[in-house]
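Asker: Here it is, the structure, as structure tokens.
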Amino acid sequence: MAEKGKFYMTTAIAYTSGKPHIGNTYEIVLADAIARYRRQEGYDVYFQTGTDEHGQKIEEKAEKAGVSPKEYVDQVAGEVKRIWDLMNTSYDSFVRTTDSDHEKQVQKIFKKLYDKGDIYKGSYEGLYCTPCESFWTESQLVDGKCPDCGREVKPAKEEAYFFKMSKYADRLIAYINEHPEFIQPVSRKNEMMNNFLIPGLQDLCVSRTSFSWGIPVDFDAKHVVYVWLDALTNYITKIGYDADGDSSELFRKNWPADLHLIGKDIIRFHTIYWPIFLMALDLPLPKQVFGHPWLLQGGEKMSKSKGNVIYADDMAEMFGVDATRYFVLHEMPFENDGIITWELVIERFNSDLANILGNLVNRTVSMSNKYFGGEVKRTGAAEAVDEDLKSVVTAARDKVTEKMDKLRVADAITEVFNVFRRCNKYIDETAPWVLAKDEAKSDRLAEVLYNLTESITIGASLLQSFLPETAEKIFAQLNTSARAFDVLNQFGLYESGTKVTEKPEILFARLDAKEVMPKVEAIQQAQRAEFEAEQRALGELPEENESEPVIDIEAKPEITYDDFMKMQFQVGEIISCEAVPKSKKLLCSQVKIGSQVKQIVSGIRKNYTPEEMVGKKVMVLVNLKPAKLAGVLSEGMLLCAEDADGNLALMTPERGMPSGAEIC
């Protein structure tokens, strides 16, 4: 196959604050699927990932853990790399921002921009979010908290170096307008333009003096380079960029990057700060930045305190690496956040992997052994029904490629599985077990099994970028190898007379939720216990023999059982949510309750964003008389708990319950 040219792609580098959960791991698996597919197409791929290891948050975590920052990041970076390798990802380079070659180039870049006049010395006074390592003005806060993560901010003032962002703003706006493919999806582009670029950019703080865990500014020792100038430049430093002009052949070959794959929460840094840094360095901009959505646990962000964090290694141990890859790739929408629950993983495992794919391969190999001693032979005994199968199978490559070109990876996998679905339908249409009863139809039976084997070979060849181990197992059972990409639109290349394996391996054995969920509960209990132990060790939770804080509220008049029975409580699932325009407190949710959908307005905007609400299972008072709040009709009430500070928490079922389940 002729090479199509270079393809340099990167993930965001994982922040070394702790073990990455499945939502973090999704990005590396997504990137790996894209990289593998591009290689399959004939591109010369260079795929880079790694870890972001500097900053105040790391310094504080290391201090609490009683180790040096370097010891702390060494441990976490090792864990990140272990999980990336466990998930069978084919990266070419793993960068660490504590690597000496990276640190040296960051210092040189900083000095180059300072000498050019793009960086100047000043002082900063503002509101600082430590988790995000970001300064904010009062007007930028949302309900007095960080607009990115919703956490508390603290006043901070210190001497700092600043980058002149406004100098390049008009040039960046023009570039984005002239290159509509630069920021994807389009909604991310609109957000950057309307919320940041068009209103005007403030100069960016690029050094700090209030902590020391960072790359020193070599001409001003009390300053360390601030996180984004350090982290973002990894995309050029680790392929050999040299600020003095002596860049490597690898850099000259691969830059500009073809794709930066990142989470939607850091799209601003990659589509505003990073392009402007590159403009200042007189370097071309990356061709595309794709901000993928988040993977949420049951509609919520994952938290060890809730015991709802799902880790890739736990999933891989329970379901296998390829099943884990399948779920995160198939279930993540192109633009909106995806939902993951243990119950949903089990459902997809059984319906898609065990039934559609695993059962297909097993039946086909078993029938070849049963009827022809394992030999797959083409006889030419064709019938009209064969043509539709062949048309679906030979059209699949181009359909998958079209989806992958648009980075619609979930849709691409669906196209691959459409091949397997069509094969299963073909079995029903041709009924090989009926053909086997008539000796005169032996040639027709052989042709049917050949068509199935050839179709599975093509499907597995398309599958290998997404589920590489599974594809190899299928090839082994069919005694063949992956089909070259250029001929995946051709039917009939499986060598007639080949013998399949005598004993087919079950690719995915069906799972029983009753056996899996107790293991899940044990994992969740261990998480909660670990979190509480960590918090106690840090003095942030009372010791076990100390009493937990309680709240006493004024008692309401007693009610009778008949009073209680007048109220109807059910489990609802929030399918969409938006802020109420005329209110700073209200959210309007569409809540599915059984087969009905009710609109419910709740005063919980302080504690939840609309995005966090979607997918949640909640407790609903269903038969509350409808009322209008801020001009919006509300047809029920969501139940919440409230602490002494007025913070609200939605009441949710402890275990997975269907929408509409009665609460009694």
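Asker: In region 606-638, what count of residues is obtained for those that are out of contact with any Lys or Arg (no Cβ under 8 Å at 6 or more places or on another chain), free of Cβ contacts under 8 Å to residues at least 40 places away in the same chain and within 12 Å of Gly572 (Cβ to Cβ)?
Answerer: Count: 1.
Asker: In region 579-598, which residues are modelled with pLDDT under 85 and of a type in the set (D, E, K, R)?
Answerer: Correct list: Lys582, Lys584.
Asker: Considering each of Phe290, Phe319, Phe349 in turn, give the residue that is of a type in the set (Phe, Trp, Tyr) and either under 28 Å from Cys577 (Cβ atoms) or touching a strand residue (DSSP E or B) at 6+ places or on another chain (Cβ under 6 Å) (or both).
Answerer: Numbers: Phe319 fails: either under 28 Å from Cys577 (Cβ atoms) or touching a strand residue (DSSP E or B) at 6+ places or on another chain (Cβ under 6 Å) (or both); Phe349 fails: either under 28 Å from Cys577 (Cβ atoms) or touching a strand residue (DSSP E or B) at 6+ places or on another chain (Cβ under 6 Å) (or both).
Residue meeting the stated conditions: Phe290.
Asker: Go through the residues of region 122-141 one by one and say whether even a single one is surrounded by 17 or more Cβ atoms within 10 Å (Cβ to Cβ), farther than 23 Å from Ile215 by Cβ, of a type in the set (Phe, Trp, Tyr) and touching a residue at least 60 places away in the same chain (Cβ under 8 Å).
Answerer: no
Asker: Run down Arg151, Arg188 and say which single residue is surrounded by 17 or more Cβ atoms within 10 Å (Cβ to Cβ), farther than 25 Å from Asp118 by Cβ and in contact with a strand residue (DSSP E or B) (Cβ under 8 Å, 6 or more places away or on another chain). Explain how you work it out, then say what you get.
Answerer: Working: Arg151 fails: surrounded by 17 or more Cβ atoms within 10 Å (Cβ to Cβ).
Sole residue among the options that is surrounded by 17 or more Cβ atoms within 10 Å (Cβ to Cβ), farther than 25 Å from Asp118 by Cβ and in contact with a strand residue (DSSP E or B) (Cβ under 8 Å, 6 or more places away or on another chain): Arg188.
Asker: Within region 551-575, work out how many residues are modelled with pLDDT under 85 and polar (S, T, N, Q). Lay out the reasoning, then the answer.
Answerer: Residues of region 551-575 modelled with pLDDT under 85: 551-565.
From what's left, polar (S, T, N, Q): 560.
Looking only at that region, the number is 1.
Asker: With Gly55, Gly66 as the choices, which residue is over 30 Å from Asp398 (Cβ atoms) and buried (at least 23 other Cβ atoms within 10 Å of the Cβ)? Working first, answer last.
Answerer: Values: Gly66 fails: buried (at least 23 other Cβ atoms within 10 Å of the Cβ).
Result: Gly55 is the single residue among Gly55, Gly66 that is over 30 Å from Asp398 (Cβ atoms) and buried (at least 23 other Cβ atoms within 10 Å of the Cβ).
Asker: Of all residues in region 413-432, how many are under 27 Å from Leu30 (Cβ atoms) and either outside the structural domain of Val361 (by TED's automatic domain parsing) or touching a Ser or Thr at 6+ places or on another chain (Cβ under 8 Å) (or both)? So that I can check it myself, show each step before the final result.
Answerer: If we filter region 413-432 for residues that are under 27 Å from Leu30 (Cβ atoms), which is where we start, we get 413-423.
Adding the requirement that they be either outside the structural domain of Val361 (by TED's automatic domain parsing) or touching a Ser or Thr at 6+ places or on another chain (Cβ under 8 Å) (or both) leaves 419, 422-423.
The qualifying residues number 3.
Asker: Let me ask another. Please go through (1) farther than 30 Å from Gln490 by Cβ; (2) of a type outside the set (S, T, N, Q); (3) modelled with pLDDT of 95 or more; (4) not assigned by TED's automatic domain parsing to the domain that holds Tyr450 for Asp322 and return the number of the only condition it doesn't satisfy.
Answerer: (1)
Asker: Filter region 116-155 down to residues that are closer than 17 Å to Trp228 by Cβ and among the hydrophobic types (A, V, I, L, M, F, W, C), then give me how many there are.
Answerer: Within region 116-155, residues that are closer than 17 Å to Trp228 by Cβ and among the hydrophobic types (A, V, I, L, M, F, W, C) number 7.
Asker: Let me ask something additional. Working only within region 329-377, note down all residues that are more than 34 Å from the chain's Cα centre (by Cα), assigned to a loop (DSSP other than H, G, I, E, B) and not small (Gly, Ala, Ser).
Answerer: Lys377, the sole residue that qualifies.
Asker: Let me ask something else about it. Among (1) part of a helix (DSSP H, G or I); (2) loosely packed, with under 15 Cβ neighbours inside 10 Å; (3) not charged (D, E, K, R), which single condition is Gly380 missing?
Answerer: Of (1) part of a helix (DSSP H, G or I); (2) loosely packed, with under 15 Cβ neighbours inside 10 Å; (3) not charged (D, E, K, R), only one is false for Gly380: (1).
Asker: Next question, about the same structure. (1) within 27 Å of Asp337 (Cα to Cα); (2) aliphatic (A, V, I, L, M); (3) at pLDDT 95 or above: which one isn't true of Met192, the others all being true?
Answerer: Of (1) within 27 Å of Asp337 (Cα to Cα); (2) aliphatic (A, V, I, L, M); (3) at pLDDT 95 or above, only one is false for Met192: (3).
Asker: In region 60-93, what count of residues is obtained for those that are aliphatic (A, V, I, L, M), farther than 16 Å from Pro20 by Cβ and part of a loop (DSSP other than H, G, I, E, B)? Before the answer, list the steps.
Answerer: First, the residues of region 60-93 that are aliphatic (A, V, I, L, M): 62, 65, 67, 73, 76-77, 80, 83, 86-87.
Next cut, farther than 16 Å from Pro20 by Cβ only: 62, 65, 67.
Cutting the leftovers down to part of a loop (DSSP other than H, G, I, E, B) gives us 67.
Of the residues in region 60-93, 1 are aliphatic (A, V, I, L, M), farther than 16 Å from Pro20 by Cβ and part of a loop (DSSP other than H, G, I, E, B).
Asker: To continue, here is another question. Filter region 321-353 for residues that are acidic (Asp, Glu) and surrounded by 20 or more Cβ atoms within 10 Å (Cβ to Cβ) and give the result. Give the derivation first.
Answerer: Start the filter on region 321-353 by keeping residues that are acidic (Asp, Glu), which leaves 322, 331, 335, 337, 343, 347, 352.
Of everything in region 321-353, those that are acidic (Asp, Glu) and surrounded by 20 or more Cβ atoms within 10 Å (Cβ to Cβ) turn out to be Asp322, Asp352.
Asker: Can you confirm whether Asp486 is outside the structural domain of Lys399 (by TED's automatic domain parsing) and surrounded by fewer than 18 Cβ atoms within 10 Å (Cβ to Cβ)? Explain how you work it out, then say what you get.
Answerer: Values: outside the structural domain of Lys399 (by TED's automatic domain parsing): no; surrounded by fewer than 18 Cβ atoms within 10 Å (Cβ to Cβ): yes.
In short, no.
Asker: Any residue in region 226-236 that is surrounded by 20 or more Cβ atoms within 10 Å (Cβ to Cβ) and assigned to a loop (DSSP other than H, G, I, E, B)? Quick ask: steps written out before the conclusion?
Answerer: The initial filter retains those residues of region 226-236 that are surrounded by 20 or more Cβ atoms within 10 Å (Cβ to Cβ), namely 226-236.
Of the ones still in play, those that are also assigned to a loop (DSSP other than H, G, I, E, B) are 226, 233.
Checked region 226-236: at least one residue is surrounded by 20 or more Cβ atoms within 10 Å (Cβ to Cβ) and assigned to a loop (DSSP other than H, G, I, E, B).
Asker: Here is a further query. How many of the residues in region 473-501 are in contact (Cβ under 8 Å) with a residue 12 or more places away in the chain and not in a loop (DSSP other than H, G, I, E, B)?
Answerer: The number of residues fulfilling the criteria is 10.
Asker: Just the residues that are within 23 Å of Ser123 (Cβ to Cβ) and free of Cβ contacts under 8 Å to residues at least 40 places away in the same chain, please, taken from region 153-176.
Answerer: Once the filter is applied, which keeps residues that are within 23 Å of Ser123 (Cβ to Cβ) and free of Cβ contacts under 8 Å to residues at least 40 places away in the same chain, region 153-176 yields Val153, Lys154, Pro155, Lys157, Ser166.
Asker: Looking at Val614, Val601 in this structure, which one is more than 24 Å from Cys149 (Cβ to Cβ) and either at pLDDT 90 or above or in contact with a strand residue (DSSP E or B) (Cβ under 6 Å, 6 or more places away or on another chain) (or both)? Lay out the reasoning, then the answer.
Answerer: Details: Val614 fails: more than 24 Å from Cys149 (Cβ to Cβ).
None of the others qualify; the one that does is Val601.
Asker: Please indicate, with yes or no, whether at least one residue in region 502-517 is out of contact with any helix residue (DSSP H, G or I) (no Cβ under 9 Å at 6 or more places or on another chain), within 23 Å of Ala354 (Cβ to Cβ), part of a helix (DSSP H, G or I) and modelled with pLDDT of 80 or more.
Answerer: Applying the first criterion (out of contact with any helix residue (DSSP H, G or I) (no Cβ under 9 Å at 6 or more places or on another chain)) to region 502-517 yields 514-515.
In the following step, the residues that additionally are within 23 Å of Ala354 (Cβ to Cβ) were identified as 514-515.
Narrowing the set further to residues that are part of a helix (DSSP H, G or I) leaves 514-515.
Checking which are modelled with pLDDT of 80 or more leaves us with 514-515.
Among the residues of region 502-517, at least one is out of contact with any helix residue (DSSP H, G or I) (no Cβ under 9 Å at 6 or more places or on another chain), within 23 Å of Ala354 (Cβ to Cβ), part of a helix (DSSP H, G or I) and modelled with pLDDT of 80 or more, which makes the answer yes.
So that you can scan it fast, the table gives a plain yes or no per residue for (1) closer than 23 Å to Ile663 by Cα; (2) buried (at least 19 other Cβ atoms within 10 Å of the Cβ); (3) of a type in the set (A, V, I, L, M):
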| site | (1), (2), (3) |
| --- | --- |
| Pro557 | yes, no, no |
| Phe564 | yes, no, no |
| Val571 | yes, yes, yes |
| Pro581 | no, no, no |
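Residue-wise test of (1) under 24 Å from Gly338 (Cα atoms); (2) out of contact with any Asp or Glu (no Cβ under 8 Å at 6 or more places or on another chain); (3) at pLDDT 95 or above; (4) in a helix (DSSP H, G or I).
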position	(1), (2), (3), (4)
Asp388	no, yes, yes, yes
Val400	yes, no, yes, yes
Met404	yes, yes, yes, yes
Ala412	yes, yes, yes, yes
Ile427	no, yes, yes, yes
Leu449	no, yes, yes, yes
Leu452	no, yes, yes, yes
Phe466	yes, yes, yes, no
Ala471	no, yes, yes, yes
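Asker: Of everything in region 108-124, what is in contact with a strand residue (DSSP E or B) (Cβ under 8 Å, 6 or more places away or on another chain) and not polar (S, T, N, Q)? Give them in sequence order.
Answerer: In the first step, residues of region 108-124 are kept if they are in contact with a strand residue (DSSP E or B) (Cβ under 8 Å, 6 or more places away or on another chain); the result is 110, 113-114, 118-124.
Scanning region 108-124 gives Phe110, Leu113, Tyr114, Asp118, Ile119, Tyr120, Lys121, Gly122, Tyr124.
The values are calculated or read from the model by the stated rules, or taken from the named source; none is laboratory data. Model, not experiment: these values are computed from the prediction. Backbone-built Cβ (ideal geometry, glycine too); neighbour counts: all protein chains shown.
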